[in-house]
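> Please see the structure below; I have some questions.
The values are calculated or read from the model by the stated rules, or taken from the named source; none is laboratory data. Computed from a predicted structure; not experimentally measured. Using ideal geometry, Cβ is built from the backbone for each residue, glycine included, and neighbour counts are taken over all protein chains shown.
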Amino acid sequence: MTFPVPIPVGPFRLHPHVVFDVLAYSIGFRLFLWERRRLGDTIDTGARWSVVAAAVFGAAIGSKLFFWLEDPAETLAHWNDLRFLLGGKTIVGGLIGGLAGVELEKRWTGLTRRTGDLFAMPIAAGIAIGRIGCFLSGLPDRTFGTPSALPWAVDFGDGIPRHPTQLYESAVMAVVAVLLGRLTRHPHREGDVFKLFMVSYFALRLGVDALKPEVRIFLGLSSLQWASVAVLVYYGHDVLRWVRDGWTDD
């Protein structure tokens, strides 16, 4: 296999990131609409879409900010390179920025309802799909793993077999998406499905990123791993509640 792997679409051969990003957003949005019809949405439509807009805006800022923090030295070396500064993004930053945007919007509008449950399963499914595009993009995507002698290690073109960390993430998030879809059908405290998604994803990133050649900034962890730790601490009281009380709406 030669990376990046072009995807034939009619007479065109498109970059895998383009194809799988479009699939991730399209299928994720369709899953959101399906979840909304299946479960019902009692939040005012105007409030719902203002929250969506805040999430998108926050995610755009967060994905860039945390990309710049992945390797501070490299960012400083390219501070005047607009193509570099605008070229990268990270899911970790997108989720944190999206969460911050939503919470600020809710405080501004006075909305006290938890708004994330309908988005949890679609986002997980979107990540599972999108990471396939990252895998097929090869080395330039910079999401590959460290060298490995495991039988499923992949040579992305530099002659070094590596952990296909993109596929690890894709497989786990596919399972998480199915689990979240099932949990939404059971009684639960509003907001817990989204919280479980966030805990699952950031726990995954904390582990998977240990298999990536990331820049370690402190105590052997990368900036994205420290961000994952912060999110897990943020939701720590919810995890303790689930352990103590189980999955309940009480």
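> Taking region 201-239 only, how many residues are at pLDDT 95 or above and either under 17 Å from ARG189 (Cα atoms) or of a type in the set (Val, Ile, Thr) (or both)?
Here the count works out to 9.
> From ALA59, ALA54, ALA47, which residue is crowded, with 17+ Cβ neighbours inside 10 Å and more than 15 Å from the chain's Cα centre (by Cα)?
ALA54
> In region 158-197, which residues are assigned to a helix (DSSP H, G or I) and either over 18 Å from GLU35 (Cα atoms) or in contact with a His (Cβ under 8 Å, 6 or more places away or on another chain) (or both)?
Of everything in region 158-197, those that are assigned to a helix (DSSP H, G or I) and either over 18 Å from GLU35 (Cα atoms) or in contact with a His (Cβ under 8 Å, 6 or more places away or on another chain) (or both) turn out to be THR165, GLN166, LEU167, TYR168, GLU169, SER170, ALA171, VAL172.
> Only residues in region 227-250 that are in a helix (DSSP H, G or I) count as the first member; pair them with residues that are of a type outside the set (Val, Ile, Thr) and modelled with pLDDT of 95 or more, Cβ under 6 angstrom, at least 6 apart or cross-chain, and list the lot.
SER228/PHE202; SER228/ARG205; SER228/LEU206; VAL231/PHE202; LEU232/PHE202; ASP238/LYS195
> Among (1) charged (D, E, K, R); (2) closer than 22 Å to SER50 by Cα; (3) at pLDDT 95 or above, which single condition is GLU105 missing?
Among (1) charged (D, E, K, R); (2) closer than 22 Å to SER50 by Cα; (3) at pLDDT 95 or above, GLU105 violates only (3).
> Further, regarding this structure: Given the criteria touching a strand residue (DSSP E or B) at 6+ places or on another chain (Cβ under 6 Å) and either surrounded by fewer than 14 Cβ atoms within 10 Å (Cβ to Cβ) or among the β-branched types (Val, Ile, Thr) (or both), does ILE217 qualify?
No.
> Under 7 Å between Cβ atoms, which residue pairs at least 6 apart in sequence (or on different chains) link something in region 142-154 that is hydroxyl-bearing (Ser, Thr, Tyr) with a partner that is surrounded by 21 or more Cβ atoms within 10 Å (Cβ to Cβ) and outside any loop (DSSP other than H, G, I, E, B)?
Note: pairs meeting the criteria are THR143/CYS134; THR143/THR165; THR143/GLN166.
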